[in-house]
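Engineer: This is the structure, below, for whatever I ask next.
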Amino acid sequence: MRWSVALLAAMLAAPVLAQQAASPLAQPAPSTPPPVPAATVSAEAEPPLTEADVLAIGRDQPGRMTVPVSIAGRGPYPFTIDTGAERTVVSRELARLLALPRGRDVRLTAMTGAAVVGTVRIPTLAMSSVVSRQIEAPALKGDNLGAPGLLGLDSLQGHQVSIDFDKGEMSVRRSRRRHRGGGEPVEPGEIVVTAQSLLGQLIVTEAFYRGQRIRVVIDTGAAVSMGNLALRARVIRAKEKVVPITITGVTGETMTADYTQIGAVVFGGVTFQNLPVAFADAAPFKRLGLDNKPALLLGMDALKLMRRVDIDFVNREIRVALQKV
């Protein structure tokens with residue numbers, strides 16, 4: 001049986017400003033990096049910060065979901081789980097509050113492009129069953145992150161992320177590899193989708209747009225679902241209306257995307273009708289080798305139409321529980 005989820009959006013009437021939070025991909029900077037915008041940790045004297053200042057970062061964002069994270073025994077601080085990011089990221093404000101030591105500069109690929117950014121060294125990071133030691137995390141401005149920090153794939157491998165939209169909660173727990181055929185029972189109204197792993201990302205290949213195969217990446221750090229130009233070429237006809245929007249990335253850089261609605265996106269057994277998507281030549285597609293293949297980063301705007309989403313990195317499995325009708 002195929003299920004249909006209607007995504008309604010009051011848009012296309014005027015330009016919209018969309019905030020795209022995160023999905024950074026970071027690698028050590030080469031010895032002679034190409035010229036890219038630099039956004040390193042500032043060494044200038046800054047006004048003192050309090051715990052309340054850090055805890056308030058991103059609190060004004062509607063629909064914000066976070067998990068409690070302790071760093072070096074202090075906290076907890078509300079972090080967003082970002083399944084589209086290779087690296088865990090902290091805000092500069094939190095790094096300054098905790099006096100985290102400076103690390104290397106790294107080249108970071110964000111939604112809006114590449115930049116060389118400064119890192120800080122986190123001695124320990126703890127959240128539920130996640131305990132990481134000696135993380136070198138990019139440090140970026142909290143206003144651009146929308147939270148005191150983001151938990152990336154480096155902290156999530158070996159675990160399962162659960163998002164319960166009914167309760168407005170995110171959680172993480174350890175996962176164990178199961179034998180083939182030994183999966184957990186499927187509940188009524190639940191759909192299980194198998195994915196492939198690439199650079200730690202789970203990529204669903206059993207997804208289709210109007211019967212043609214596309215690749216889908218679950219990106220919990222994206223407020224807006226993003227499509228690449230190869231998908232745009234299949235979706236948008238010359239006379240169809242699109243709305244230019246501004247996407248702000250985690251480094252503060254911006255880019256313009258074409259925002260519209262598309263229909264008949266089938267993900268596993270779920271069919272999305274009138275799915276809002278922003279189309280752009282976003283850097284993560286190239287990083288994942290998906291720039292020339294129709295691909296979609298499925299963001300929180302689409303995921304929140306479910307009751308629950310479970311992302312199991314160990315068993316490369318995504319479970320979605322649909323809304324009761």
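Engineer: From the list ALA110, ALA114, pick out the single residue that is within 18 Å of GLY200 (Cβ to Cβ) and modelled with pLDDT under 90.
Structural biologist: Selected residue: ALA110, the only one of ALA110, ALA114 that is within 18 Å of GLY200 (Cβ to Cβ) and modelled with pLDDT under 90.
Engineer: Could you list all residues from the range 81-112 that are of a type in the set (A, V, I, L, M, F, W, C) and open to solvent by less than 20 Å² (accessible area, probe 1.4 Å)?
Structural biologist: Across the range 81-112, the qualifying residues are ILE81, ALA85, VAL89, VAL90, LEU94, ALA95, VAL106, LEU108, ALA110, MET111.
Engineer: Of the conditions (1) under 22 Å from VAL277 (Cα atoms); (2) at pLDDT below 50; (3) in a strand (DSSP E or B); (4) within 17 Å of the chain's Cα centre (by Cα), ALA26 clears all except one; give me its number.
Structural biologist: Single failed check for ALA26: (1).
Engineer: A further question on this structure: Could you please let me know if ASP281 is of a type in the set (Asp, Glu), in a strand (DSSP E or B) and either closer than 13 Å to VAL204 by Cβ or modelled with pLDDT of 90 or more (or both)?
Structural biologist: Answer is no for this residue.
Engineer: Output the residues belonging to the range 297-325 that are of a type in the set (A, V, I, L, M) and open to solvent by 30 Å² or more (accessible area, probe 1.4 Å).
Structural biologist: MET300, LEU305, VAL325
Engineer: Which residues, taken from the range 127-156, are over 15 Å from the mean Cα position of the chain (by Cα), open to solvent by 10 Å² or more (accessible area, probe 1.4 Å) and either farther than 20 Å from GLY73 by Cα or at pLDDT 90 or above (or both)?
Structural biologist: GLU136, LYS141, ASP143, listed by residue number.
Engineer: The conditions are (1) farther than 28 Å from ASP312 by Cα; (2) touching a Pro at 6+ places or on another chain (Cβ under 7 Å), and ALA56 fails exactly one of them. Which is it?
Structural biologist: (2)
Engineer: Could you tell me how many of the residues in the range 113-126 are farther than 25 Å from MET300 by Cα and either in a helix (DSSP H, G or I) or open to solvent by 10 Å² or more (accessible area, probe 1.4 Å) (or both)?
Structural biologist: Matching residues across the range 113-126 total 4.
Engineer: Filter the range 76-92 down to residues that are of a type in the set (Phe, Trp, Tyr) and more than 17 Å from LEU55 (Cβ to Cβ), then give me how many there are.
Structural biologist: 0
Engineer: Further, regarding this structure: Assuming ARG102 fulfils every condition listed in (1) within 18 Å of LEU151 (Cα to Cα); (2) modelled with pLDDT of 85 or more apart from one, which condition is it?
Structural biologist: Among (1) within 18 Å of LEU151 (Cα to Cα); (2) modelled with pLDDT of 85 or more, the lone unmet condition for ARG102 is (1).
Engineer: For the range 190-263, which fully contained strands (runs of 3 or more DSSP E) count at least 1 residues that are open to solvent by less than 60 Å² (accessible area, probe 1.4 Å), under 25 Å from VAL161 (Cα atoms) and modelled with pLDDT under 85?
Structural biologist: Hits in the range 190-263: 190-194, 201-209.
Engineer: Is there any pair linking a residue in the range 284-296 that is closer than 17 Å to MET255 by Cβ and open to solvent by 40 Å² or more (accessible area, probe 1.4 Å) to one that is of a type in the set (A, V, I, L, M, F, W, C) and not in a helix (DSSP H, G or I), with Cβ under 8 Å and at least six apart or on different chains, and which?
Structural biologist: What qualifies is ARG287/LEU25; ARG287/LEU199.
Engineer: Just to be sure, is ALA45 over 18 Å from the mean Cα position of the chain (by Cα), over 23 Å from ILE135 (Cβ atoms), modelled with pLDDT under 75 and open to solvent by 70 Å² or more (accessible area, probe 1.4 Å)?
Structural biologist: Yes, satisfied.
Engineer: Against the conditions (1) open to solvent by 40 Å² or more (accessible area, probe 1.4 Å); (2) assigned to a strand (DSSP E or B), where does PRO78 fall short? Just the number, please.
Structural biologist: (1)
The values are calculated or read from the model by the stated rules, or taken from the named source; none is laboratory data. Since this is a predicted model, take the numbers as computed values, not measurements. Glycine also receives a Cβ, built like all others from the backbone with ideal geometry; neighbour counts cover every protein chain displayed. Only protein heavy atoms, including side chains, enter the accessible area calculation; ligands, DNA and RNA are left aside. Shrake-Rupley method; radii C 1.70, N 1.55, O 1.52, S 1.80 Å.
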